[in-house]
Amino acid sequence: MSKKKKAQPKVDSLRGVADLDEARIWLSERGIEDIECIVPDLAGVARGKMMPTEKFFSGPIMTMPSSIFAQTISGDYPPDDQRFQHNPTDGDLFFKADYATLTTVPWESDPTAQLIHDAYTREGIPVETAPRNVLKRVLQLYEDEGWEPLVAPEIEFYLVRPNTDPDYPLEPPTGRSGRPEVGRQSYSISALNEFDDLIDDIYDLSEAQGLEIDTLIHEEGAAQMEINLRHGHPLELADQVFLFKRTIREAALRHDMYATFMAKPMSNQPGSSMHIHQSVIDKKTGDNIFSNKDGEASREFLSFIAGHQAFLPAVTCIMAPYVNSYRRFSRDSTAPVNVFWGYDNRTVGLRVPNAKPAARRLENRVPSSDANPYLAIAASLACGYLGMMQKLTPDEPRTGYSSDHMHALPRGLLEAVAMFEECEELNEVFGEKFVATYRAIKQEEFETFMAVISPWEREYLLLNV
């Protein structure tokens, strides 16, 4: 009897392998010399360590201080209070590689790979303040019901001239015509062509990492772009947004530009969003639970919408995580200012796009592009989950212009954080430790912002009060 040959691992993919053994082969075949071992923090910033490949294989578990998940965007740390306390010794957390995320770093000069990690305690318990674990926690709620959510993010960003002095406003960059944009050019192909070389680099760098762009368009603002991603598993799509942001910034730097995902980078231009399209599949049947067999909207779909209407205000601090984010929410603009819903209506916060029953979905238009993709997707799915579990009913869909109706959404960061902390249902979904930590960080960031005197104050208060 002949022995069966052991199946050879498939390591020809651009992105992702099954395990450590396949990773060895994948890295060896590509001559990878260094590995970026990275983890997204609460701001969506890549933290981690660079190490030679040999060093990685000698001990593939990375450690970092627990404080990386208690750090503000300015690098400060919030003070302890009744609900939030730092780890008194700032002891190590343990990070394990998710080999499904292994890919190259195509902008590095030496052959380099990147690998996203998950955070655990010494005892092997997932760290509940780590954004990837937060999303996994919400996805487990769906798993327990036999459901699988699918999402498709749309991310807007601006290209701007290099800005090395933060006291000066941002300006649109110069395109191939030699002139910066001044007007608004929604969906303009000629405006998109102004940055052909940069766009080619974005596509090339994305393809090298196995990242798939569905479409790339010119948005309304001057040198404002939008990338749409194909729908898929929420964790995989959050990883893609995380990697896309790194990629787009690197591509822009090659062309002497900045790419910014600030929600409102220029006062006279529209804000940037991260719309999230969402549907839910029955894992047994593969059917979209948002549609009945007759093709009509299901009770679950209406409850999913109602959950967003009920809980979206309380997670706005995740969808709009910085003081700047709330500048985007302005009346009579393209940004949502309410939690109304409607069919193919872009003037409400919750849009139901035209689609066949199998593709019925809800588009959450509230998140801004500065949001952490893991947390924003988790928060949006949490709203829908709570709506379905509580069998909530939405109000009537809006059929007309609604951008002049500011409704329900908090108008500032402190108000938003307070709503998040006070919501019992969301405390249960996200966990006490995450809620307390996130609240403490956002309050500290607000205090840092308040220490800066703005031009508005000098303009209107200096000689008038």
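The values are calculated or read from the model by the stated rules, or taken from the named source; none is laboratory data. On a predicted model such as this, the values are computed, not experimentally measured, just so you know. Positions of Cβ are backbone-derived with ideal geometry, glycine not excepted, and every protein chain shown enters the neighbour counts. Calculation scope for accessible area: heavy atoms of the full protein, side chains included, ligands and nucleic acids excluded. Shrake-Rupley method; radii C 1.70, N 1.55, O 1.52, S 1.80 Å.
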Rounded, prolate or oblate: which fits the range 323-455 when a ≥ b ≥ c are the square roots of the eigenvalues of the alpha-carbon gyration tensor, with rounded for a/c under 1.5 and prolate only if a/b beats b/c? oblate
Show me 305-312, 206-213 ranked by packing, highest mean number of other Cβ atoms within 10 Å first. 305-312, 206-213
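So for the range 184-303, averaging the separation of alpha carbon pairs under 8 Å that are six or more residues apart and normalising by length, what relative contact order in percent results?
Details: 112 pairs, mean separation 20.3, N = 120.
Relative contact order here is 17 percent.
Could you work out the relative contact order of the chain? I mean the mean sequence separation of Cα pairs under 8 Å and 6+ apart, divided by the number of residues, in percent.
Details: 916 pairs, mean separation 72.6, N = 465.
Relative contact order for the chain comes out at 16 percent.
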Okay, which of the range 221-251 sit inside 15 Å, backbone N to the point 7 Å along the Cα-Cβ direction of Asp197? 251
Hey, how many Å between the Cα centroid of the range 65-104 and the Cα centroid of the range 218-266? 25
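Once you compute Rg and the Kirkwood Rh from C-alpha atoms, what is the Rg to Rh ratio for the range 300-387? Before the final figure, lay out the partial values.
Working: Rg = 12.6 Å, Rh = 13.2 Å.
Here Rg/Rh amounts to 0.95.
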Proximal charge balance of Met450 [Cβ under 14 Å; K/R count +1, D/E count -1]: -4
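Please go through the residue pairs Lys136/Lys356; Lys96/Lys283; Lys49/Lys96; Lys293/Lys356; Lys55/Lys136 and name each one whose alpha carbons sit more than 19 Å apart in this structure.
Check vs 19 Å cut-off fails for Lys136/Lys356; Lys96/Lys283; Lys55/Lys136.
What ranking do 258-271, 282-295 get when scored by the average of other Cβ atoms within 10 Å per residue, highest first?
Numbers: 258-271: 19.7, 282-295: 14.1.
Listed from highest to lowest mean packing, they are 258-271, 282-295.
Between Thr448 and Arg179, what length in nm is gained on full extension when 0.36 nm per residue of separation is reduced by their alpha carbon distance? If you can, show how the numbers build up before the last one.
On the way: separation 269, 0.36 × 269 = 96.84 nm, distance 3.68 nm.
Gain on extension, Thr448 to Arg179, equals 93.2 nm.
Please compute the alpha carbon radius of gyration of the range 24-129, then divide it by the globular-protein estimate 2.2 N^0.38 Å. Two decimals is fine. Don't skip to the answer; put the middle values down first.
On the way: Rg = 15.5 Å, N = 106, 2.2 N^0.38 = 12.9 Å.
Its radius of gyration relative to the 2.2 N^0.38 Å reference: 1.20.
Nearest 500 deg cm²/dmol is fine: what mean residue ellipticity at 222 nm does the chain get from its DSSP H runs of n ≥ 4 alone, each adding -39,500 (n - 2.57), divided by its residue count? Could the numbers behind the result be given before it?
Details: 13 runs with 146 residues, N = 465.
Rounded to the nearest 500, it is -9500 deg cm²/dmol.
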Which one of Val348, Ala440, Phe420 is farthest out on the positive end of the charge dipole of the range 314-454, using unit charges on Cβ (Lys, Arg +1; Asp, Glu -1) and the Cα centre as origin? Val348
Rounded FRET efficiency, nearest 0.05, which uses the C-beta distance separating Glu212 from Asp92 and R0 of 41 Å: 0.70
For Ser330 and Glu432, FRET efficiency with R0 = 51 Å and r from the beta-carbon atoms, rounded to 0.05? 0.90
Output ordering of 378-389, 130-141 (per-residue mean of other Cβ within 10 Å, highest first) is 378-389, 130-141
Semi-axes of the equivalent ellipsoid for the chain, Cα gyration tensor, largest first, Å: 33, 29, 26
Return one whole number: the accessible area per residue of the range 302-375 in Å², for a 1.4 Å probe. 26
Give me the net charge of Met274's neighbourhood, meaning all other residues with Cβ under 13 Å from the Cβ of Met274; Lys, Arg count +1, Asp, Glu -1. -3
